[in-house]
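Structure record follows, encoded as structure tokens.
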Amino acid sequence: MKAMSTRVAHAVMVAPVQLMLVLVIGLPSLWVLWLSLHTTSFGQAPVFVGLANYATVLADPYFWHALVNTFVVVNVVVYVELVAALAMATLFASGVPFRRTMISIILAPYAVSEVVAVVIWKYMLEPDVGLISGLIALVGLPELAWTTDRWSALTLVSLLSIWLHLPFSFLILYSALLGVPKELYESAAIDGANAWHRFARITVPILMPAILVALMFRYVFAFRLFAEVWLLTGGGPARQTEVLATYLYRHAFRYQEFGVASAIGWLMVVGTLLISAVYLREMYKRMLSADA
């Protein structure tokens, strides 16, 4: 009876949050799913078309082009950011001078609006008048043709996204690293383990749950990459740098094809859920093995 009352009390306490999730996420998601099965636009009544919108999207070569761009950018962003965050977290945990000031500097990009950050970097990278472009020319390096070359633009988008969101991964890994007992490293050093062995045999295994959490969240966030591409290149030149989020935006607000845009949105949701499921399954396995 006591266990039953405890479960009821727990259910009552989390009920407001669950209700909020249903109202804010559940119902709008169902509405978008319903809309993806219809064709509609401004001033046009929805007409049921079944899976025709999904067929239209999957038959569009621009969708697959945007999917490839998204896949490339997301994987570059996530894994380069993870390696950089892990290296920085390890360095800071081992001790650096003026640690609080340095951490504040690292976290500064996360306090800047994405729109403001992208606009500032865009002006600094303008080929003719940009500060960074001028410095590149001053040292004799070739011009970064990000306005005309697909891969240069995607590289710049990736670097900008890493700069913006690196503090997120750094905070997760650094916080987890601070919880690693110092005695483990001292014992390993006494046993003759060098710095690399201590990192590979102690740091990485202990940090693996935090690494998986950081990877999962960054995959989900990076999969929705929009501001960096839209404000920097607009998907150009000739839609060569378009990603899934800008592809959705174009169909929703340029072509006003709300049914098609909803279908694109749900395809992105399915892709995000598949990515999340992989990392959630791995985290669940590690939790079970830890409890055992």
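The values are calculated or read from the model by the stated rules, or taken from the named source; none is laboratory data. Keep in mind the model is a prediction, meaning the values are calculated, not measured. Note that each Cβ is placed from the backbone with ideal geometry, even for glycine, and that neighbours are counted across all protein chains shown.
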Practice prompt. Could you give me the residue pairs with C-beta distances under 9 Å whose first residue belongs to region 272-285 and is in contact (Cβ under 8 Å) with a residue 40 or more places away in the chain and more than 12 Å from PHE217 (Cα to Cα), whose second residue is loosely packed, with under 11 Cβ neighbours inside 10 Å and of a type outside the set (A, V, I, L, M, F, W, C) wherever it lies, and which are 6+ apart or on separate chains?
Written response: none
Worksheet entry | All positions within region 219-238 that are in contact with a Ser or Thr (Cβ under 9 Å, 6 or more places away or on another chain) and either closer than 17 Å to ALA89 by Cα or assigned to a loop (DSSP other than H, G, I, E, B) (or both) | ARG224, LEU225, PHE226, THR233, GLY234, GLY235, GLY236, PRO237
Worksheet item: Residue check, LEU51 against (1) free of Cβ contacts under 8 Å to residues at least 24 places away in the same chain; (2) touching a helix residue (DSSP H, G or I) at 6+ places or on another chain (Cβ under 9 Å); (3) under 21 Å from PHE223 (Cβ atoms), all met but one. Which one?
Response: (3)
Discussion item. Among the residues of region 209-216, are any surrounded by fewer than 16 Cβ atoms within 10 Å (Cβ to Cβ) and under 21 Å from LEU244 (Cα atoms)?
Written reply: no
Response to the item:
When restricted to ILE211, ILE206, ILE264, ILE190, the only residue at negative phi, touching a Phe, Trp or Tyr at 6+ places or on another chain (Cβ under 9 Å) and either of a type in the set (Val, Ile, Thr) or touching a residue at least 12 places away in the same chain (Cβ under 8 Å) (or both) is ILE264
Worksheet, complete the sentence: Considering region 239-249, residues that are touching a residue at least 60 places away in the same chain (Cβ under 8 Å), assigned to a helix (DSSP H, G or I) and among the hydroxyl-bearing types (Ser, Thr, Tyr), and then whichever is surrounded by the most Cβ atoms within 10 Å (Cβ to Cβ), we arrive at TYR247
Item to complete: Can you run down the residue pairs with Cβ atoms below 7 Å, 6 or more apart or on separate chains, where the first is in region 17-33 and under 17 Å from TRP266 (Cβ atoms) and the partner is part of a helix (DSSP H, G or I) and not hydrophobic (A, V, I, L, M, F, W, C)?
Response: VAL32/SER262; VAL32/GLY265
Fill in: Of residues in region 151-167 being surrounded by fewer than 18 Cβ atoms within 10 Å (Cβ to Cβ) and of a type outside the set (A, V, I, L, M), the one nearest to THR90 (Cα to Cα)
TRP163
Worksheet item: Tell me, which residue of region 166-217 that is over 29 Å from the mean Cα position of the chain (by Cα) and of a type in the set (S, T, N, Q) is modelled with the lowest pLDDT?
Response: ASN194
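Residue-wise test of (1) within 16 Å of LEU232 (Cα to Cα); (2) polar (S, T, N, Q).
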site: VAL80; (1), (2): no, no
site: ALA89; (1), (2): no, no
site: PHE92; (1), (2): no, no
site: VAL96; (1), (2): no, no
site: LEU160; (1), (2): yes, no
site: SER175; (1), (2): no, yes
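To keep it simple, each residue is scored yes or no on (1) out of contact with any Phe, Trp or Tyr (no Cβ under 7 Å at 6 or more places or on another chain); (2) surrounded by fewer than 17 Cβ atoms within 10 Å (Cβ to Cβ); (3) in a helix (DSSP H, G or I); (4) modelled with pLDDT of 85 or more.
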position	(1), (2), (3), (4)
ALA117	yes, no, yes, yes
TYR123	yes, yes, yes, yes
ILE132	yes, yes, yes, no
ALA137	yes, yes, yes, no
Item to complete: Might you check whether a residue that is surrounded by 15 or more Cβ atoms within 10 Å (Cβ to Cβ), in contact with a Phe, Trp or Tyr (Cβ under 8 Å, 6 or more places away or on another chain), over 18 Å from THR246 (Cα atoms) and not acidic (Asp, Glu) occurs anywhere in region 65-78?
Response: yes
Discussion item. Just to check your reading of the model, which residue among ALA245, ALA261, ALA252 is at pLDDT 90 or above, under 19 Å from VAL73 (Cα atoms) and among the hydrophobic types (A, V, I, L, M, F, W, C)?
Written reply: ALA245
Fill in: Selection status of ALA85, closer than 26 Å to VAL270 by Cβ and either aromatic (Phe, Trp, Tyr) or surrounded by 12 or more Cβ atoms within 10 Å (Cβ to Cβ) (or both)
no
Discussion item. Please pick out the residue among SER152, SER175 that is part of a helix (DSSP H, G or I), touching a Leu at 6+ places or on another chain (Cβ under 7 Å) and of a type in the set (Ser, Thr, Tyr).
Written reply: SER152
